[in-house]
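> My questions will all concern the structure given below.
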Amino acid sequence: MKALTGVLLLLALAPAQQPKPSSIADDPRFVAEPQTMLLWEHGAPGALGSEAADQPTLTYYSPLSPSESATAVIVAPGGSYHVLAMNHEGRQVANWLNAMGVSAFVLKYRLGPRYHHPIELGDAQRAIRMVRARAAEFGIRPDRVGIMGFSAGGHLASTAGTHFDNGNPATADPVDRVSSRPDFLILGYPVITMKEPYVHPESRKNLLGENSDPALRELLSNELQVTPQTPPTFLFTTSTDTLVLPENSVLFYLALHKAGVPAELHVFEKAPHGVGLDLNDPAVGEWPTLLRNWLRTKGLLGK
């Protein structure tokens, strides 16, 4: 009797076994909400207020089945540096990256005409540093952090890929101690140049202001800033894009090629500006497949 009582007591004290999810809907991996984080917890440098527009953020989308490559991509939506296409050039792209096992971070950066350069670049650099500094937390590798941008977001991504530093080891902020150089670039119908004849005037006005300094236009014309240290780049655009001319992508590709930087460019015959994934288009809708193949050849998707 004493033995039986002891067994019953042990059973009573033992922790209850958690039931297995009865369906996909009960699995917390399927119902987890994206996590939005401030780039600076105590206010962003140069902020002109405390409204949402003054607080740049990253929204983290975690893959259900992370790739063994542990790759991360920061996504910068477009919108002429005035608005952000957060749906079709942000959340949808993040979900597509997640489906390949890639961790995705959608960047909400500050916009013109309220903010001008270098604020936008500072937001992108901070995002890259944050993801890299917290790589262990996100389950990624710090040497596999890329940035992807569309339209004006493509200009921001290409700026991050041509204007970077190794971090400041003396700073008290651990995020600022790491490099802001992205490990690869993905550019969709990007704004590249700030100079005629191929500039997108609206993006330039919002980023640099009216009557901007010619020297600043030169500095932010990223086809002129490519070096052998610029990250490997995948680009796509369309011949019928009349908003951001395809010459932008061609200029950047030629600069990369001249500098010996691995690069791949796809110019589709017909499609408007701002297509996003556009998986229903039998032609331009193939760019995600081409990108997937490129990522795989770079070892960024595992086997």
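The values are calculated or read from the model by the stated rules, or taken from the named source; none is laboratory data. All values derive from a computational prediction rather than experimental measurement. Reconstructed Cβ throughout: ideal geometry from the backbone, glycine too, with neighbour counts over all protein chains shown. In case anyone asks, the SASA skips ligands and DNA or RNA and just uses the protein heavy atoms, side chains included. Shrake-Rupley method; radii C 1.70, N 1.55, O 1.52, S 1.80 Å.
> Angle, helix 287-297 long axis vs. longest principal axis of the chain, Cα atoms, 0 to 90°, nearest 10?
70 degrees
> Pairs of alpha-carbon atoms within less than 8 angstrom and 6+ residues apart define the contacts here; what relative contact order does the range 173-303 have, in percent?
It comes to 24 percent, rounded to a whole number.
> Averaged per residue, what accessible surface does the range 196-289 expose to a 1.4 Å probe, in Å²? Could you put the intermediate results ahead of the total?
Numbers: 4600 Å² over 94 residues.
Ligands and nucleic acids excluded, the result is 49 Å² per residue.
> If you don't mind, another one. How large a share of the accessible area of the chain, in percent, is made up of carbon and sulfur atoms when the probe is 1.4 Å and the other protein chains stay in place? Kindly include the intermediate steps, with their values, before the conclusion.
Numbers: 8260 of 14560 Å².
Exposed carbon and sulfur together represent 57 percent of the surface.
> Would you mind telling me which residue in 122, 78, 146 has the biggest mean-square fluctuation in a Gaussian network model of the chain, where springs connect alpha carbons within a distance under 10 angstrom?
Fluctuation is largest for 122.
> Cα axis of helix 152-162 to longest principal axis of the chain: angle in degrees, 0 to 90, nearest 10?
The angle comes out near 90 degrees.
> Send over a whole-number figure in Å² for the accessible area per residue of the range 24-172, probe 1.4 Å. Intermediate values should be presented prior to the final figure.
Values: 6120 Å² over 149 residues.
So the range 24-172 comes to 41 Å² accessible per residue, rounded to a whole number.
> Still on this model: Where does the chain land at 222 nm, in deg cm²/dmol rounded to the nearest 500, when only DSSP H runs of n ≥ 4 count, each adding -39500 (n - 2.57), divided by all residues?
Numbers: 10 runs with 92 residues, N = 303.
Here the helix-only value at 222 nm equals -8500 deg cm²/dmol.
> GNM, the chain, Cα, under 10 Å: largest mean-square fluctuation among 50, 221, 69?
50
> Also: Rg and Dmax of the chain, using alpha carbons, in Å: what are they?
22.2, 94
> Considering Cα pairs under 8 angstrom that are at least six residues apart, work out the relative contact order of the range 72-137 and quote it in whole percent.
On the way: 66 pairs, mean separation 21.4, N = 66.
That works out to 32 percent.
> Suppose each label sits 7 Å from its Cα in the direction of the beta carbon; what would the residue 165-residue 254 distance come out to in nanometres?
3.3 nm
> Arranged from highest to lowest average of other beta-carbon atoms within 10 Å per residue, in what order do the peptides 245-252, 152-159 appear?
Numbers: 245-252: 22.8, 152-159: 30.4.
By packing density, highest mean first, the sequence is 152-159, 245-252.
> Below 8 Å, C-alpha to C-alpha, sequence gap of six or more: please give me the relative contact order for the chain in percent.
Details: 599 pairs, mean separation 45.2, N = 303.
Normalised by residue count, the contact order of the chain is 15 percent.
> Tell me the angle of helix 247-259 to the major Cα principal axis of the chain, expressed in degrees between 0 and 90 and rounded to the nearest ten.
So the helix axis and the longest Cα principal axis differ by about 80 degrees.
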